[in-house]
Amino acid sequence: MSTDADVIIVGAGVSGLAAAAALSRHGQSVVILEARDWIGGRILTVQDPACQAALEFGAEFIHGRPPGIWKALRRRQIDISDAEGDNWCAENGALAPCDFFSDVEGILEKMDDSVPDESFLNFLQHCCPDSKPGSRQREARQRALEYVSGFNAADPELIGVHWLVKGMRAEEKIEGDRVFRPATGYAGLVDMFLEELSQAGVSIDTNTIVEEVEWKRGHSKVTARSPHGGKCFSAPRIVLTLPLAVLQASPRELGAVQFIPPLPEQKLGALTKLEMGKVIRVILRFRERFWDAISPLGQRSKTLAGASFLFSRDAWFPTWWTALPEKTPIITGWAPFRCAERLSGKDRSFVIAHSLRSLGMLLNIATEELEPLLEAAYFHDWQSDPFSRGAYSLVRVGADGAQ
C-alpha cells in the first residue's frame, strides 16, 4: 500500500491531466495511474522522421475556438493555423467541388430538442421523405446521413437528435464550423500539462492497470497491476477519467475495473444510455504530393494542390484530408462507423491495402501506381485498444443528461 496523496487520478488522458493540474493548483497532492506506456490517452502525436511533421493517431483538429485549448496553446506560443482549403466530392466517378454543405445545414437546422427525442434516422424519415433518385433532396438526405455517421462516428439509428442539437449550439458559440491545427500537433497541449505537473511534484505511474476500486466517503483503495507485480494505492479521494467504453467493459476483460461497492444505480443507468463511436484512420506518407498535378474531370484550370478534404461514398475510407496548410506529402484516410467495423481487428497489411485502393479509386489512379510512391503508413486501431475501446462517445436517443 502506498501513497500519501490527497487524490488518485485514474487515466493520464487530457481529462486526467487537466484534473491533476487543477487540483495541484489548489494545493492538493496528486498521483496519476495510467495503463498505457504513453501519456495523453486518445491524444497520440508522433513525429514523422522524413517530413518533421506532427502525425496524429488520435485527436487532430481544433474545431472552432474553444477557449480552454486556444488559451493554453497561446500561452506556450504555439502557432495555430487554419486548415481551410478546397473541398472535393466524388460524384458519378469524378471529383467536383462540394456543393452540399448548405443543403445539409438546412436539414440539421430543422432538428428540434423541444419535442420528444428521436434517432437521427427517424428524424430524417419524417423531415425529408425519400424522393426520386437523383433529386437534390435525396442527395441532401444522403449527405446528412453521411455527415452524422462520419463526423460523429455514430450510428444514425442510435444517436439522439437532442444531443446533436446541443452540439450544434455549442459549435455556434466557438465558430465550430472552422478547422484549425496546432503547429506541434496536440502533443503541445500534453507537454504543457506535463510541465505544470512536474513543477507541482505530481507523479505519473505508467504501465499501471487499475483492476479494482474500493471506495467509501473519505477513503479509497486502488488495486492495480504493473510489469513489476501488483500495487495498491490509497487516498481520501479518487477521480476516474477512463473512456466510456472502458467503464462499460465486462468484468475480467483487460482494462475493466471492478468497483466495491458497485457504482450507484444512477451511474450504471447512465452508462447504458451512452455509446462509443468507432473510427479507423490511416496516415500515408508518399514520396511526393502527386495529387498537386491532378486536375479533376472538367476542372482543367484547377488541380488538387489546394485540396483540404476529399469526400466519397467508399465502403472503406469515405473521407480523406491533406496536411494543409503544410505542403507535406501526407494524406489521412478516415473510416467511421460501419467502415471502422470492417477494418477493426484486421492486420496492418489489410488496412493499408484497402486504404491505397480507396485513395486510388477516388483519384482515378491504379493501386499499382500508388504503391511505389508510398514511403510510410501509420494507424492505430482504437476499437481493439483495450484502454480506449473506441474513438469518442455519443448520446443515444432518450439519454438527455446521461453524460
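The values are calculated or read from the model by the stated rules, or taken from the named source; none is laboratory data. Because the structure is predicted, anything quoted here is derived from the model rather than measured. When we count neighbours, we look across all protein chains shown, and the Cβ atoms used for this are built from the backbone with ideal geometry, even at glycine. Please note that ligands, DNA and RNA were not included when accessible areas were found on the heavy atoms of the full protein model with its side chains. Shrake-Rupley method; radii C 1.70, N 1.55, O 1.52, S 1.80 Å.
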(1) of a type in the set (A, V, I, L, M, F, W, C); (2) open to solvent by 30 Å² or more (accessible area, probe 1.4 Å); (3) closer than 25 Å to ARG75 by Cα: which one isn't true of LEU240, the others all being true? (3)
So PRO67 ticks every box in (1) of a type outside the set (Lys, Arg); (2) within 23 Å of the chain's Cα centre (by Cα); (3) within 20 Å of PHE309 (Cα to Cα) but one. Which box is left unticked? (3)
Just checking, which of ALA140, ALA50 is surrounded by fewer than 17 Cβ atoms within 10 Å (Cβ to Cβ), small (Gly, Ala, Ser), out of contact with any Ser or Thr (no Cβ under 6 Å at 6 or more places or on another chain) and touching a residue at least 24 places away in the same chain (Cβ under 8 Å)? ALA50
Members of the range 143-168 that are buried (at least 18 other Cβ atoms within 10 Å of the Cβ), touching a residue at least 40 places away in the same chain (Cβ under 8 Å) and assigned to a loop (DSSP other than H, G, I, E, B): ASN152, ALA153, ALA154, ASP155
Residue count, the range 114-137 (criterion: open to solvent by 30 Å² or more (accessible area, probe 1.4 Å), free of Cβ contacts under 8 Å to residues at least 60 places away in the same chain and in contact with a strand residue (DSSP E or B) (Cβ under 9 Å, 6 or more places away or on another chain)): 1
Quick one: is ALA12 farther than 19 Å from PRO325 by Cβ, crowded, with 22+ Cβ neighbours inside 10 Å, aliphatic (A, V, I, L, M) and touching a residue at least 24 places away in the same chain (Cβ under 8 Å)? yes
Considering residues of the range 394-403 that are part of a loop (DSSP other than H, G, I, E, B) and of a type outside the set (Asp, Glu) only, the residue most open to solvent (accessible area, probe 1.4 Å): GLN403
Can you name every residue in the range 26-47 that is open to solvent by less than 20 Å² (accessible area, probe 1.4 Å) and outside any loop (DSSP other than H, G, I, E, B)? VAL30, VAL31, ILE32, LEU33, GLY40
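Does the range 230-247 include one or more residues that are over 27 Å from the mean Cα position of the chain (by Cα) and β-branched (Val, Ile, Thr)?
As a first pass, look at the range 230-247 and keep what is over 27 Å from the mean Cα position of the chain (by Cα): 230-237.
Pick out the ones that are also β-branched (Val, Ile, Thr) and you get none.
No, the range 230-247 contains no residue that is over 27 Å from the mean Cα position of the chain (by Cα) and β-branched (Val, Ile, Thr).
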Determine if the range 18-25 includes at least one residue that is open to solvent by 30 Å² or more (accessible area, probe 1.4 Å), under 25 Å from VAL246 (Cα atoms) and not aliphatic (A, V, I, L, M). no
Pairing a residue in the range 384-403 that is within 21 Å of HIS162 (Cβ to Cβ) with any residue that is surrounded by fewer than 23 Cβ atoms within 10 Å (Cβ to Cβ) and among the hydroxyl-bearing types (Ser, Thr, Tyr), where Cβ atoms lie under 6 Å and the two sit 6 or more apart in sequence or on different chains, gives VAL397/SER119
